[in-house]
Amino acid sequence: MTQTPYDILCPFHISLSATGCIRHLGPSMAKLIKSENPVGKHFFDFYSVERPYGIVKTEQILPLEGKKLLLALNFAEEYRLKAVAAKADEGGIILNCSLGIGLQSAVQYFNLTYNDFAPSDLAIEMLYLLEAKAAIRKASRDLTHRLQGAKVMAEEQAYSDALTGLQNRRALEVILSRLISSRVSFSLMQLDLDRFKNVNDTLGHAAGDHVLQKAAEVLQTVVRNEDAVIRLGGDEFVLVFANLKDRRRLSILSERIIVEMQKPIFFDNQVCHISASIGITTITADRLNNSAENFLREADQALYQSKANGKSCYSFYEPVEAVLSELKHM
Amino acid sequence: MLGLINKAIENFAIDTYGKRFWNSFTRRHLNGEFTFEPLLEYEHALTFRLIDWLAEARSKTSADIMEDIGTFLVSQRNGEALRRLLRFGGANFVEFIFSLDELNERSEIALKDLNLPQLSVERINQNSVSVRVDQSWPGFEHVMAGILHSLADDYGALVFINVSPPEGGSAYLVLELIQHHFTEGRKFSLA
């Protein structure tokens, strides 16, 4: 094919005869058609007119001179060409096309290069912008992820105890109010370490911190996954057992905790001996109208009972109504 | 200054001198471990202090550090995005060089707040051009020298680049093109 001025100015053009046969294709358009010898074949062999509807004959194209046309490639249907038609010599038609909004994937699919676009075409600038936009979107998405991560971490820190990694008093409030409002029965265990003050006073705070960490580990290994272990502060811990009100099981758990706590803890060639005192209250569905503070007070009262009984033991809080009804039967 | 620039300096320092170097660097100069956010705005002067501190820490001149940063920006694995964006400037190295006239506008339509220095390209003779770099970012001509060296390799062109010191508010890069097509260069597909 000899080069025409149109090949330079509009490399994506199609030149048709009056009968709709291809007279010439711009060099870049020829790349899209991938046909050995398209000249002489019919326009509709390679293209369909998608918009406007119902254009199936060449005569229908000329009346649309200057209007926007949308063509599809018959051999690569997913690619659309934006086109405009104009009258040419000898009753022919010339159509200039661009790859429109599908530019980026078409460039990839047809292996188009710099030289396939006229220097006046903004296609390269559009490709540049699409890539710049993708890079910036990635940067902004990365920033969002980092902020999200920082938020999650801040929330975790707000609800956890820095020394032991257990949950803290703030977390306990949330857990209790959630249980109460969802009407789930549960048991609350308050636990103080025995002889902890002694460790702190004789072996120092580092030893004390180590003991607290070991105690936290014990508590976490003894409970179920769904139970919550909270460090209130100092050597005071609270355990929350949702859906558990069976005294026998709570007793077994308490015994196990006390046995584990009494195992010697080594720190810096020194041995620390501690134990635990436990107070338990069980909140059955009928008692859920009381407040969280009330339940904590009950557990604390039971704990006081254990300490009065000589420590290293557990006690249950007895609700007043239960005590009263027992008295009645006596 | 947009954090993107400081982040690039941070990436350069970590990639070239290691994470430990960067951590002790930021502990010394930025009050603790620190990482820049590419999309946040930082004090303009901080960027240039960063470069001077890096130069001091590595016993190099600031100009050398900036040229190394320029090279790093387009030649490393994580410089691929920028390399591609620059290559949209022209089909060959000569076209690319003349596209530098528009670098400021091209970066602005991509990222409004970047405010790159204005460059202007003039032909000196058949094989040489000069690139004037305004001094809104003092020393930016050295970064450009690093970028242009790498991009010349990328296009497969052989070029000599000479940086002349700033004078009357502008610095000049003089590029002497020895061969347009010295090697095959690196492949560049548009999409």
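Of all the helices (runs of 4 or more DSSP H) wholly in the stretch A:68-182, which have at least 1 residues that are under 28 Å from A:A216 (Cβ atoms)?
Of the helices (runs of 4 or more DSSP H) lying wholly inside the stretch A:68-182, those with at least 1 residues that are under 28 Å from A:A216 (Cβ atoms) span A:123-158, A:169-181.
Quick check, is B:I65 over 19 Å from B:H180 (Cα atoms) and out of contact with any Phe, Trp or Tyr (no Cβ under 8 Å at 6 or more places or on another chain)? Please lay out each step first, then the result.
Working: over 19 Å from B:H180 (Cα atoms): yes; out of contact with any Phe, Trp or Tyr (no Cβ under 8 Å at 6 or more places or on another chain): yes.
Yes, satisfied.
Considering each residue of the stretch B:4-22, count those that are open to solvent by 30 Å² or more (accessible area, probe 1.4 Å) and free of Cβ contacts under 8 Å to residues at least 40 places away in the same chain, and give that number. Before the answer, list the steps.
Step one: of the stretch B:4-22, the residues open to solvent by 30 Å² or more (accessible area, probe 1.4 Å) are B:4-5, B:7, B:11, B:14-17, B:19-21.
Filter again for free of Cβ contacts under 8 Å to residues at least 40 places away in the same chain, leaving B:7, B:14, B:19-21.
Counting residues in the stretch B:4-22 that are open to solvent by 30 Å² or more (accessible area, probe 1.4 Å) and free of Cβ contacts under 8 Å to residues at least 40 places away in the same chain gives 5.
Pick out, from the stretch B:46-154, the helices (runs of 4 or more DSSP H) lying fully within it that include 3 or more residues that are over 30 Å from B:T26 (Cα atoms). Quick ask: steps written out before the conclusion?
Working: elements: B:62-75, B:80-87, B:93-99, B:103-110.
Because the criterion is at least 3 residues that are over 30 Å from B:T26 (Cα atoms), the helices (runs of 4 or more DSSP H) in the stretch B:46-154 that meet it are B:80-87, B:93-99, B:103-110.
Go through the stretch B:157-185 residue by residue and tally those that are open to solvent by less than 80 Å² (accessible area, probe 1.4 Å), in contact (Cβ under 8 Å) with a residue 60 or more places away in the chain and out of contact with any helix residue (DSSP H, G or I) (no Cβ under 6 Å at 6 or more places or on another chain).
2
Taking into account only those residues within the stretch A:103-161 that are more than 10 Å from every other protein chain (Cβ to nearest Cβ) and small (G, A, S), which is least open to solvent (accessible area, probe 1.4 Å)?
A:A118
For the stretch A:106-134, what are the residues that are under 12 Å from A:F12 (Cβ atoms) and more than 36 Å from the chain's Cα centre (by Cα)?
Answer for the stretch A:106-134, where residues must be under 12 Å from A:F12 (Cβ atoms) and more than 36 Å from the chain's Cα centre (by Cα): A:F110, A:L112, A:D116, A:F117, A:A118, A:D121, A:A123.
With a cut-off of at least 2 residues that are surrounded by 14 or more Cβ atoms within 10 Å (Cβ to Cβ), touching a helix residue (DSSP H, G or I) at 6+ places or on another chain (Cβ under 8 Å) and at pLDDT 95 or above, name the strands (runs of 3 or more DSSP E) lying wholly within the stretch A:242-330.
In the stretch A:242-330, the matching strands (runs of 3 or more DSSP E) lie at A:275-283, A:314-316.
Within the stretch B:18-41, which residues are modelled with pLDDT under 95, of a type outside the set (D, E, K, R) and within 21 Å of the chain's Cα centre (by Cα)?
Across the stretch B:18-41, the qualifying residues are B:T35, B:F36, B:P38, B:L39, B:L40.
May I ask you to list the residues in the stretch B:56-99 that are closer than 17 Å to B:L119 by Cβ, open to solvent by less than 50 Å² (accessible area, probe 1.4 Å) and within 14 Å of chain A (Cβ to nearest Cβ)?
B:L73, B:V74, B:L85, B:L86, B:R87, B:F88, B:G89, B:G90, B:F93, B:V94, B:F96, B:S99
Among A:G91, A:G100, which is the only one that is more than 8 Å from chain B (Cβ to nearest Cβ) and surrounded by 13 or more Cβ atoms within 10 Å (Cβ to Cβ)?
None of the others qualify; the one that does is A:G100.
Given the conditions (1) within 30 Å of A:F46 (Cα to Cα); (2) without any contact (Cβ under 8 Å) to a residue 40 or more places away in the chain; (3) surrounded by 14 or more Cβ atoms within 10 Å (Cβ to Cβ); (4) at the interface with another protein chain (Cβ under 10 Å from one of its Cβ atoms), which single one is not true for A:R80?
Failing condition for A:R80: (4).
Could you count how many residues in the stretch B:23-45 are assigned to a loop (DSSP other than H, G, I, E, B), open to solvent by 40 Å² or more (accessible area, probe 1.4 Å) and over 26 Å from B:L111 (Cα atoms)? Let's see the steps before the verdict.
In the first step, residues of the stretch B:23-45 are kept if they are assigned to a loop (DSSP other than H, G, I, E, B); the result is B:30-40, B:42-43.
With open to solvent by 40 Å² or more (accessible area, probe 1.4 Å) added as a condition, the list becomes B:31, B:33-35, B:39-40, B:42-43.
Cutting the leftovers down to over 26 Å from B:L111 (Cα atoms) gives us B:31, B:33.
The qualifying residues number 2.
On the given criteria, is A:R178 more than 26 Å from A:Y304 (Cα to Cα) and away from every other protein chain (no Cβ under 14 Å)?
Taking the combined requirement at face value, the residue satisfies it.
The values are calculated or read from the model by the stated rules, or taken from the named source; none is laboratory data. Source: prediction; values computed, not measured. As a convention, Cβ positions derive from the backbone with ideal geometry for all residues, glycine included, and neighbour counts pool all protein chains shown. Protein only, heavy atoms only, side chains kept; ligands, DNA and RNA dropped before computing areas. Shrake-Rupley method; radii C 1.70, N 1.55, O 1.52, S 1.80 Å.
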